[in-house]
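Visitor: Once you've had a glance at the structure underneath, I'll fire off some questions.
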Amino acid sequence: MAIGRLDEDSEGLLLLTTDGKESERIRSKKVAKEYYIQVDGIATSEAVELMEKGIEIAIKGKKYTTLPCTCRLLDKDPELGPRGKKIRDPKHGPTSWMSVTLNEGKFRQVRKMSAAAGFPTLRLVRVRIGDLHLDGLNAGEVVEVDRLVV
């Protein structure tokens, strides 16, 4: 079974297991998940601060304030493989990259957070779950691990 989900428009690290208890532990708020997001426009420190403190989004039609998280601007584009499908033409303006680390995982939360901060997500890549990093794995590549995610 997959631990957690990635929606159709998202990419990155996905863990598979046959251990239901471990799956539940990793999906819980005990294990951090880090995402790199490419956003529309040049993200600001104010947007980072809003996201870090907790920002109001809608979950199932109800207002929800996210838990505090770690967010930072990336000073250069991350070294990721090419996107499977084109996001948009560069002539539509600049983009920038952010890192967002959460311990919760509401439906499309990272996308909703960045949009609420004024910078809609164009590309989302999960790069870390606990202490396991994507670290240059290519799309579709599989690596067996025998250690638990902290």
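Visitor: I'd like the residue in region 13-38 that is within 15 Å of residue 102 (Cα to Cα) and of a type in the set (Gly, Ala, Ser) and, out of all such residues, is surrounded by the most Cβ atoms within 10 Å (Cβ to Cβ).
Guide: Taking the candidates together, the pick is 32.
Visitor: Out of everything in region 69-96 that is surrounded by fewer than 12 Cβ atoms within 10 Å (Cβ to Cβ) and of a type outside the set (D, E, K, R), what residue ends up being nearest to residue 107 (Cα to Cα)?
Guide: 84
Visitor: Moving on to the next point. In region 19-53, which residue that is assigned to a loop (DSSP other than H, G, I, E, B) and at pLDDT below 90 is farthest from residue 68 (Cα to Cα)?
Guide: Residue satisfying both the conditions and the ranking: 19.
Visitor: Hey, any hits in region 9-26 for a residue that's touching a residue at least 12 places away in the same chain (Cβ under 8 Å), in contact with a strand residue (DSSP E or B) (Cβ under 9 Å, 6 or more places away or on another chain), acidic (Asp, Glu) and closer than 27 Å to residue 85 by Cα?
Guide: Yes.
Visitor: Condition test on residue 130, is it under 30 Å from residue 19 (Cβ atoms), at pLDDT below 95 and surrounded by 14 or more Cβ atoms within 10 Å (Cβ to Cβ)?
Guide: Values: under 30 Å from residue 19 (Cβ atoms): yes; at pLDDT below 95: yes; surrounded by 14 or more Cβ atoms within 10 Å (Cβ to Cβ): yes.
Considered against the rule, which asks whether it is under 30 Å from residue 19 (Cβ atoms), at pLDDT below 95 and surrounded by 14 or more Cβ atoms within 10 Å (Cβ to Cβ), residue 130 comes out as yes.
Residue-wise test of (1) of a type in the set (A, V, I, L, M); (2) farther than 20 Å from residue 126 by Cβ; (3) within 12 Å of the chain's Cα centre (by Cα).
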site: 34; (1), (2), (3): no, no, yes
site: 46; (1), (2), (3): no, yes, no
site: 73; (1), (2), (3): yes, no, no
site: 85; (1), (2), (3): no, no, no
site: 100; (1), (2), (3): yes, no, yes
site: 106; (1), (2), (3): no, no, yes
site: 113; (1), (2), (3): yes, no, yes
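Visitor: Still on this structure, please answer the following. Condition first: in a loop (DSSP other than H, G, I, E, B) and free of Cβ contacts under 8 Å to residues at least 40 places away in the same chain. Can you find one or more residues in region 129-139 that meet it?
Guide: Within region 129-139 (the criterion being in a loop (DSSP other than H, G, I, E, B) and free of Cβ contacts under 8 Å to residues at least 40 places away in the same chain), the answer is yes, since at least one residue qualifies.
Visitor: In addition: Would you confirm whether any residue within region 91-101 is in contact with a Pro (Cβ under 7 Å, 6 or more places away or on another chain), at pLDDT 90 or above and under 29 Å from residue 138 (Cβ atoms)?
Guide: Looking through region 91-101, at least one residue is in contact with a Pro (Cβ under 7 Å, 6 or more places away or on another chain), at pLDDT 90 or above and under 29 Å from residue 138 (Cβ atoms).
Visitor: While we're here: Within region 68-117, which residues are in contact with a strand residue (DSSP E or B) (Cβ under 7 Å, 6 or more places away or on another chain), within 20 Å of residue 5 (Cα to Cα) and assigned to a loop (DSSP other than H, G, I, E, B)?
Guide: 69, 80, 83, 105, 106, 107
Visitor: Which condition number in (1) over 14 Å from the mean Cα position of the chain (by Cα); (2) more than 17 Å from residue 3 (Cβ to Cβ); (3) in a loop (DSSP other than H, G, I, E, B) is the one that residue 64 fails?
Guide: (3)
The values are calculated or read from the model by the stated rules, or taken from the named source; none is laboratory data. All figures in this text were calculated on a predicted structure; none of them were measured in a lab. Heads up, the Cβs are rebuilt from the backbone with ideal geometry, glycines too, and the neighbour counts pull from every protein chain shown.
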